[in-house]
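Notes follow once the structure below has been shown.
Only the coordinates and a few stated rules stand behind these numbers; no lab work does. Since we're looking at a predicted model, the values are computed, not measured. With ideal geometry, Cβ positions are generated from the backbone for all residues, glycine too; neighbour counts draw on all protein chains shown.
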């Protein structure tokens, strides 16, 4: 298990790694015509510094390093003179920037899709101008291509998540409900070092440590934009396990948390007590086939939409199009970028305009919901490489695993 860092330097990445990430941010800012911006979303702060703090990072292609405005905690340090400023109120930021002789330029940006309206209004008043640009899509674009250090962290998550998934059959006891089973899996993940947090983009996206589905609950549409739904244990969190007793022969779909270091891998595997039906085995094999073909297609320059369309072609040829990505409700994608957040770019969807690049990390999750059988399908996380094919970093067995 990783130990907590007691390094109080605000930039835990080191200068070289931070500069690699800044170069991507600045390139995206230039493409969007943004001359300066304040970042405050936790995912973006973590991407920029390797830690989360309450406050802001001022970024501009005109600056070599960010300027940090920190409200909490107040014990952080910075090796770059004049770059760290402890503040109590955002209203202090404009004066500090002016004293530093920094010109915000013509186009000032905020993460308008990620911060509350009231805060956007307050920051606009601080600078005496409304933000001219939205930094949220800019940061998603910058973060969509990972550095080698990020890829190493994602590989680490894939190894640990895969180890736990291989142990899952031994956690089952006859007569368990899906909730009881999920709790045991959560415990195993936490003991392996999983942080437990599912960081997601979108104000109306939430889940606790993952999704486990069995029986008819797999056909219950969810409030949230996930591939699979489920009623959940309470209407206040309507997704996932709902207390269904795991029956012999009923497929159990496990899609649990892979966050061990601030980055996430996404993996789904199938389990069963006893023998799965022929239909369930077929659907699982088709899911594996789609994943393999998607991995072969995932090379730089390929359209994300083409991968979705090929997945649908395979499902149709195998007679499963009615159940592809749902039954009562169909998810509009078959895969998504992943990293600091579980729902990043690019998105494998029929109307996606994304073009794959080397360094993209993508979770492919072709799943089926078959009435009378349940939810069936696997999910893998892949790294898009300059050389073909994509690298699979979630390596647990893909066939149905028998529960002890």
Which log10 I(q)/I(0) values does region 145-402 give at q = 0.10, 0.12 Å⁻¹ under the Debye formula, counting every alpha carbon as one identical point scatterer? -0.42, -0.62
The base-10 log of I(q)/I(0) that the Debye equation returns for region 307-375 at q = 0.18, 0.20, 0.27 Å⁻¹, one scatterer per C-alpha, is -0.70, -0.82, -1.18
Quick check on the chain: helices-only [θ] at 222 nm, where DSSP H runs of length 4 and up contribute -39,500 (n - 2.57) each and the sum goes over total residues. Nearest 500, please. -9500 deg cm²/dmol
If we count other beta carbons within 10 Å of each Cβ, what is the order of 194, 78, fewest first? 78, 194
Please rank 76, 63, fewest neighbouring Cβ atoms within 10 Å first, as an exposure proxy. 63, 76
DSSP-defined beta bridges in the chain - what % are antiparallel, rounded to 5: 80
Ranked packing of 87-99, 332-344, most packed first, by mean Cβ within 10 Å: 332-344, 87-99
Once you sort the root eigenvalues of the Cα gyration tensor of region 207-341 as a ≥ b ≥ c, which label holds: rounded (a/c under 1.5), prolate (a/b larger than b/c) or oblate (the other case)? oblate
Based on the alpha-carbon gyration tensor of region 171-272 and its eigenvalue square roots a ≥ b ≥ c, which shape applies: rounded if a/c is under 1.5, prolate if not and a/b is larger than b/c, or oblate? oblate
The chain, Gaussian network, Cα under 10 Å: of 279, 156, 111, the residue fluctuating most is 279
Set the Förster distance to 22 Å, then compute FRET efficiency between residue 107 and residue 17 from the Cβ-Cβ distance, nearest 0.05. 0.20
Quick check: the distance between the Cα centres of region 280-330 and region 155-223, to the nearest angstrom? 23
What is the distance in Å between the Cα centroid of region 47-115 and that of region 353-404? 38
Out of the DSSP beta bridges found with both residues in region 1-122, what percent are antiparallel (nearest 5)? 55
Could you line up 347, 376, 126, 121 from fewest to most neighbouring Cβ atoms inside 10 Å? 121, 126, 347, 376
Sort region 1-105 into rounded, prolate or oblate with this rule: let a ≥ b ≥ c be the square roots of the eigenvalues of the Cα gyration tensor; rounded if a/c is under 1.5, and if a/c is not under 1.5, prolate when a/b is larger than b/c, oblate otherwise. oblate
Compare 213, 12, 100 in a GNM of the chain, Cα atoms joined below 10 Å, and give the one with the largest fluctuation. 100
